[in-house]
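J.: One structure, as structure tokens, below. Some questions next.
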Amino acid sequence: MNRKVTKAIFPVAGLGTRFLPATKSIPKEIMTLVDRPLIQYAIDEARAAGIEEFIFVTSRGKGALEDYFDHAHELESSLKKSGKTELLDILRGTNMDSGAIAYVRQHKALGLGHAVWCARRLLGDEPVAVILTDDVIMGEPPCLQQMIEAYKETGGTMVATMEVPAEKTKAYGVLDVAEDMGAIVRAKGMVEKPKENPPSNLAVIGRYILAPTVMDNLNKLKQGAGGEIQLTDAIADEIEEGRDVFGLRFRGQRFDCGSKAGFLQATVAFGLARDELKHEFAEYLSDITAMYKAAE
Ligand code: UTP
């Protein structure tokens, strides 16, 4: 079985209602952490992991996202003329080679599983990575690279997982663990947003490496929890059919940038991680925290 992962799907067709009214005209993936849109963090992570083909599952109103990857010739030549090479390098980092990027339309937001299924015709008999741009992960090596390294050993299907407090499991897909090997766990089941009795506290977050058979499972297009077509169900079907599903406890910090609180936390963390900002920003944060406490 081919274990080289060169394609990644970026499902970006969601409505982003938690960020209304901003998402009325700006795709959520274009919202910026410090100075880079969420999508750029995802692309950089994919590139670091050796991904060569980038498949975006988009929807109506995502034009700004597609434009973001175009070469900005005028801007480039103006920066070149004025000798701003550092900015020029940053700008060029956003360029994509012709043919490396493909857009598929999801006509209705029928769920993450459905979004992934929309990319099926662009895949052969090969594993594919899925990156949810809402989940921004600070990690070294980047999360998908950690997964691809682990996947070379395990094969099967792999999801990124992290421990969450029991009361938070209902917001995630949760692994039922058959075998805990430390960083890697083998799953014997996977439940989407369990209302009660979660099978573990290992939550699945937005990084996946899918075996080609997961697409066959999605083909059945079952309606899972919440009326949406769940990717979790298609992965759970792998286990039922006797194929391997693993979770990787990745090293790093994940931010849920699909929620306002998570986005703000990520802004603070990524701001503090920048050399040119950290002193001024840390000072401001400590002042404002002191003021906030004093006012309480
Ligand atoms: P979310 O569950 O965060 O949904 O999707 P959302 O629509 O983006 O945001 P809210 O909840 O309305 O604020 C998780 C990921 O799956 C993609 C989203 O774009 C996001 O990256 N997705 C979800 C799709 O591409 N299509 C869908 O039908 C559903």
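J.: Across bins of 10 angstrom width beginning at 0, how are the C-alpha pair distances of the range 154-202 distributed, in whole percent?
T.: That works out to 27, 57, 16, 1, in percent per bin.
J.: How long are the semi-axes of the ellipsoid equivalent to the range 32-154, from square roots of 5 times the Cα gyration tensor eigenvalues, in whole Å, largest first? Show your work: numbers first, answer last.
T.: Numbers: eigenvalues 148, 76, 37 Å².
Whole-Å semi-axes of the equivalent ellipsoid: 27, 20, 14.
J.: At most 13 other Cβ atoms within 10 Å and a DSSP loop assignment: could you name the trypsin sites (Lys or Arg not before Pro) in the range 129-202 that fit? Don't jump to the answer; show the numbers that get you there.
T.: Values: sites: 152, 168, 170, 186, 188, 195; in loops: 195.
Filter output for the range 129-202: 195.
J.: If you plug each phi of the range 186-200 into the Karplus form 6.51 cos²θ - 1.76 cosθ + 1.60 with θ = phi - 60°, what whole-Hz ³J(HN,Hα) values come out, in order, with x for Gly and Pro?
T.: Result, ordered by residue: 9, 9, 10, x, 8, 10, 7, 6, x, 6, 8, 6, x, x, 6 Hz.
J.: Kindly provide log₁₀ I(q)/I(0) values, in the same order as q = 0.08, 0.09 Å⁻¹, from the Debye equation applied to equal alpha-carbon scatterers of the chain.
T.: Log-scaled intensity ratios, in q order: -0.37, -0.46.
J.: Using Cβ contacts closer than 10 Å as the measure, can you line up 158, 138 from fewest to most?
T.: Sorted ascending by nearby Cβ count, the order is 138, 158.
J.: Tell me the volume per residue, in Å³, of the convex hull enclosing the alpha carbons of the range 206-287.
T.: Values: hull volume 11.2 nm³, N = 82.
Value for the range 206-287: 136 Å³ per residue.
J.: Quick check: pseudo-label points 7 Å beyond the Cα along Cα→Cβ at residue 272 and residue 196, how many nm apart are they?
T.: 3.9 nm
J.: Right, something else. Can you spot the lysines whose alpha carbon is less than 25 Å from residue 152's alpha carbon? Ignore those fewer than 8 places along the same chain.
T.: Counting by Cα, and skipping residues close in sequence, residue 152 has these lysines nearby: 4, 7, 188.
J.: Taking the Cα centroid of the range 87-137 and of the range 9-60, what is the distance between the two, rounded to the nearest whole Å?
T.: 9 Å
J.: I need 216, 237 ordered by Cβ neighbour count within 10 Å, fewest first.
T.: So the residues, fewest neighbours to most, are 216, 237.
J.: Convex hull volume of the Cα atoms in the range 172-241, per residue, in Å³? If you can, show how the numbers build up before the last one.
T.: Numbers: hull volume 6.7 nm³, N = 70.
Hull volume over Cα atoms, normalised by residue count, gives 96 Å³.
J.: Let me ask something additional. Taking 0.36 nm per intervening residue step and subtracting the Cα-Cα distance, what contour gain separates residue 287 from residue 251 on full extension? Let's see the in-between values first.
T.: Numbers: separation 36, 0.36 × 36 = 12.96 nm, distance 3.12 nm.
That works out to 9.8 nm of additional length.
J.: Now for a different question. How far is the Cα center of the range 251-273 from the Cα center of the range 187-218, in Å?
T.: If we compute the Cα centre of each part, the gap is 23 Å.
J.: With θ set to phi - 60° and the Karplus curve 6.51 cos²θ - 1.76 cosθ + 1.60, what are the ³J(HN,Hα) couplings of the range 83-89 in order, to the nearest whole Hz, using x for Gly and Pro?
T.: x, 8, 5, 5, 5, 4, 4
J.: Output needed for the range 137-280: three equivalent-ellipsoid semi-axes, defined as square roots of 5 times the C-alpha gyration tensor eigenvalues, in descending order, whole Å. Display every interim value, and only then the final one.
T.: Values: eigenvalues 160, 66, 41 Å².
Computed over the range 137-280, the values are 28, 18, 14 Å.
Every number here is computed from the coordinates shown, using simple stated rules; none is lab data. Just so we're clear, the structure is a prediction, and the values are computed from it rather than from any experiment. Glycine gets a Cβ as well: all are built from the backbone with ideal geometry, and neighbour counts include every protein chain shown.
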